[in-house]
Structures are given as structure tokens and as C-alpha cells.
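Have a look at the structure below, then the notes.
No value in this document is a laboratory result; all are computed from the given coordinates. Remember, it's a predicted structure, so these values are computed and weren't measured experimentally. Cβ coordinates were reconstructed from backbone atoms using ideal geometry, including for glycine residues, and neighbour counts include every protein chain displayed.
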């Protein structure tokens, strides 16, 4: 499938910025709009754009199906494990106050950990759904 | 100014909705629903709900459009099937639902007033106490990932389950196994 040269070059040029924007939305979620879910969808959108323009084989060489299938449960595990860590420090489940050296630091860290779980699961699931649809069409 | 932007956006939303109803070509319907989601995202930006607008633009206009086009490709269905059924029941259901929704809006407080129940219940506590308590400036993130972290855990599990279901239904190597079975 040969596509337009301009389309290919433009896609290559904007891909890193899409990923950067996804990471910005994720790590800036404490200060601005967005968070793990939005960032995960944007990251998955980058993979989908790449596979539409360059073919699914090229995309699966970079982000393999095995990796995507691992990401889907991994995020939920990270989220759940954050709650278990609070347990181990003697607090309630998902009480972040005890995670850092003071309460505010703990809340920052807890929200970041939990959002990391969300971004991994969402990015994995969205990519997995897209891969499943494409795989079926062959 | 905001009023005119809202009027323009809602008029375009109505026009796109009518176009989706009238249109019989399924590919056009998918593209039009993508446009609908994008207009909806613009409406949500006017309403200052940037988080929801971001989600609507990326999921509604982006990923669901791609997945729907994939569905059209898989099923090979290009045009809506012509069912010769009476339109009386669907018309009654949609008009009834619409009438009930409009009737329901009469019980709501006026749009944007300060002393609506939703702004007086627990929202002031969140707005006043979340920043001193957690040090996170974005109250939306604090509510979602801290005060309501059990809910978000549930939502993440829902996404996990959805991904699992799609992978089980569409993924895997069922076709190859079937070929092997017929050969043996």
C-alpha cells in the first residue's frame, strides 16, 4: 500500500509530538486538564495513526501484540498494588498520605502512580482493540 | 459572545444529526458521527469542561471512528438495509423519550446558577479543602484519583474487561485451528 509522500513525511514528523503531548497530559494532570485516561487514548491514537499510514506490520514491529496484551492487565495491577502499599504502611486501601515523607508528597506520588496504572491499561486496551479489528480483516 | 458560539455549535449539531438520519450510506454515517463528536467536544470546551472535551475528541472523534470503519470493512456492509416495517413504534418511542427528557428539564435548577444543589452539597468542601490537604492544584484530578480513587479503580477494571472481551471475541487464532481441523 503506497500512500502519498506528503502524508508519510507529515505523519513521521508529528508522531513524536503526539507521544510528547500524551506524556505532557499524563504528567501535567495534577496542574492542568487531563490525566491518565486522556493520555492513554492519545498514545494509542499515535500507534493507530502509524499503522494506518505505514501498515500494521510496521506498527507491530515497534509495539508488539504481546506487549499490548501485557499492558492491559499491568495497569490494573499497578493501580491495585498502590492500594496494597498503603495497606502495608498501616493506612486504609488507596490512602496516599502515607506513601511519601509527608502527607502532601504522598498524595502527589499516589495520584501519579494510580494515573500511571490508568494510562498503561487505557493505551494497551485501545491499541489491543484496534489490533484485534485489523487482525480479523486479514 | 458565548451565547452566539453556543448557538452556532448547537445548530451545526442539529444539522449533523439530521444528516445522519437522512444518510443511507454507512461510511458517510460513520464520518458524520465523527464530526458530531468533534462538535460535541467544542460545546464541552465552551462549557469549560476541558477534560471531557479532550476525551470526547480523542475517543469519540478518533478511536471510535477508526473502529467503526474497521467494522464496516469486516462486515462488508456498505448501505443500510431496507426494512419494510412500520415506523409507528420507533417514532412513538423516540418522541416519548424526548418528551420525557424535556419534561425532566423543567425540574432542574436554572442553567449556571450558584445555589443549585450540585454546587452546595459536597463541591464546596472539595474546592476549599482539597488544595491544603493534598497540595494538588487541579481539583478535578484530586477528586478523580484521590477522593474517588475507588471509582477510578472500578473504571480501570471496566476498561480492562472491555479489552479482554474484544481480544477474546476478535483476536486469537480460531480460523487457523478450524483450517487444521478440516485438514485432519
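Couple of notes before you dig in:
- Axis of helix B:123-134 versus longest Cα principal axis of chain B: the two differ by about 90°, to the nearest ten degrees.
- Ellipticity estimate at 222 nm from DSSP helix runs (n ≥ 4, -39,500 (n - 2.57)) divided over chain A, nearest 500: -27000 deg cm²/dmol
- Taking A:20, B:170 and counting other C-beta atoms within 10 Å, the order from fewest to most: A:20, B:170
- Degrees separating the helix A:65-88 axis from the principal Cα axis of chain A, which is the longest one: 10
- Judged by the gyration tensor of its Cα atoms, with axes a ≥ b ≥ c, segment B:56-120 is oblate; a/c meets the 1.5 cut and b/c is at least as large as a/b.
- Counting, for every residue in B:124-135, the Cβ atoms of other protein chains within 10 Å of its Cβ and taking the mean gives 2.
- The alpha carbon gyration tensor of chain B gives principal lengths a ≥ b ≥ c with a/c of 1.5 or higher and a/b no greater than b/c, which makes the shape oblate.
- Shape call, the protein assembly as shown: gyration tensor on alpha carbons, a/c limit 1.5: oblate
- The average projected area of segment B:123-173, computed from the convex hull of its Cα atoms over all directions, is 4.5 nm².
- Taking every C-alpha pair closer than 8 Å and separated by at least 6 residues, the mean separation divided by the residue count of chain B gives a relative contact order of 13 percent.
- By the beta-carbon count within 10 Å of each Cβ, the least crowded to most crowded order of A:138, A:8, fewest first, is A:138, A:8.
- By the count of other C-beta atoms within 10 Å, a proxy for reagent exposure, A:96, B:147, A:31 are ordered fewest to most as A:31, B:147, A:96.
- Cα-based helix-to-principal-axis angle, B:149-170 vs chain B, degrees rounded to 10: 10
- Separation of alpha-carbon centers, segment B:69-94 and segment A:94-138, rounded to whole Å: 37
- Just so you know, the Cα atoms of segment A:1-97 work out to an Rg and Dmax of 17.7, 59 Å.
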